[in-house]
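First comes the structure, then the notes that go with it.
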Amino acid sequence: MVRWPWKRLVSNAHLVVSWSGHALAYVHAQQLANGTFEVLKFGVEYQGADNTKDFVSRLNSLGLGLAGLKTHVMLRPEQYQLLQIDAPAVPSKELHSATRYLVKDQLHTNVDSVKLDMMRLGDGEDQKGAGRLFVVAAAHEVLREITVLAKAMRWKI
């Protein structure tokens, strides 16, 4: 099969990272033809006293090949809060605002300092009609830190 020069190659390499306490834990794996994965590299690198630019330079100088990869970020349990609530009976366009209001007193921090994501449980056809929601709350600061590192490493999150 001929690859057209203007089409990008689709990579079957995946990088999974966790960034917490200035420690980068990573697993770099490649998907094989049979659907399984082969682990190419894994490890933990500590930022120490380096600023982001110096840390990225050090990561690149180690020859790990982590820059520019499709990347999945996994938050550690202490970096998010998971709640389960009754879904508010509101129109879809109002779901996010209503959920923020419902969980504000259950969060460990101010609702304005977190990013919320929601996932509806079941089919929403229970007796109450609204169903249940899983709500994940992660602090803006946690997300900002990993985003800064991801941008510097040219990761496609």
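Just so you know, all these numbers are worked out from the coordinates, no wet-lab data involved. Quantities reported herein were computed from a predicted structural model and do not represent experimental measurements. A quick note on method: Cβ atoms are made from the backbone with ideal geometry, for glycine too, and the neighbour counts reach across all protein chains shown.
May I ask you to derive the FRET efficiency for residue 40 and residue 98 from their Cβ-Cβ distance with R0 = 35 Å, giving the value to the nearest 0.05?
Values: r = 44 Å, r/R0 = 1.27.
Given R0 = 35 Å and the Cβ-Cβ separation, E is 0.20.
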At 222 nm, what value in deg cm²/dmol follows for the chain if DSSP H runs of at least 4 each add -39500 (n - 2.57) and the sum is divided by all its residues, to the nearest 500? -6500 deg cm²/dmol
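Once the other residues with Cβ under 12 Å from the Cβ of residue 118 are scored (Lys, Arg +1; Asp, Glu -1), what is the net sum? If you can, show how the numbers build up before the last one.
Numbers: positive: 100, 115, 120, 132; negative: 117.
Here the charged neighbours net out to +3.
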Name the long-range amide H neighbours of residue 20: under 5 Å, sequence gap of 5 or more, or other chain; modelled H, no Pro or chain starts. 25
Taking 7 Å along the Cα-to-C-beta vector as the label spot, tell me the residue 120-residue 54 distance in nanometres, rounded to one decimal. 5.1 nm
Please give the charge dipole size of the chain, origin at the Cα centre, charges +1 on K and R Cβ atoms and -1 on D and E Cβ atoms. Round to the nearest 20 debye. 780 debye
Under the Karplus curve 6.51 cos²θ - 1.76 cosθ + 1.60, θ = phi - 60°, whole-Hz ³J(HN,Hα) for the range 109-120, x wherever Gly or Pro sits: 9, 5, 4, 6, 9, 10, 9, 9, 10, 10, 9, 6
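Relative contact order, percent, of the chain when contacts are C-alpha pairs under 8 Å separated by at least 6 residues? Walk me through the intermediate numbers first.
Details: 216 pairs, mean separation 34.8, N = 157.
In percent, rounded to a whole number, it is 22.
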I want the antiparallel fraction of DSSP beta bridges within the chain, as a percent rounded to 5. 90 percent
If you take Cα extents along the principal axes in Å from the coordinates, which of [x] 55, 48, 28; [y] 50, 42, 34; [z] 58, 28, 27 do you get? [x]
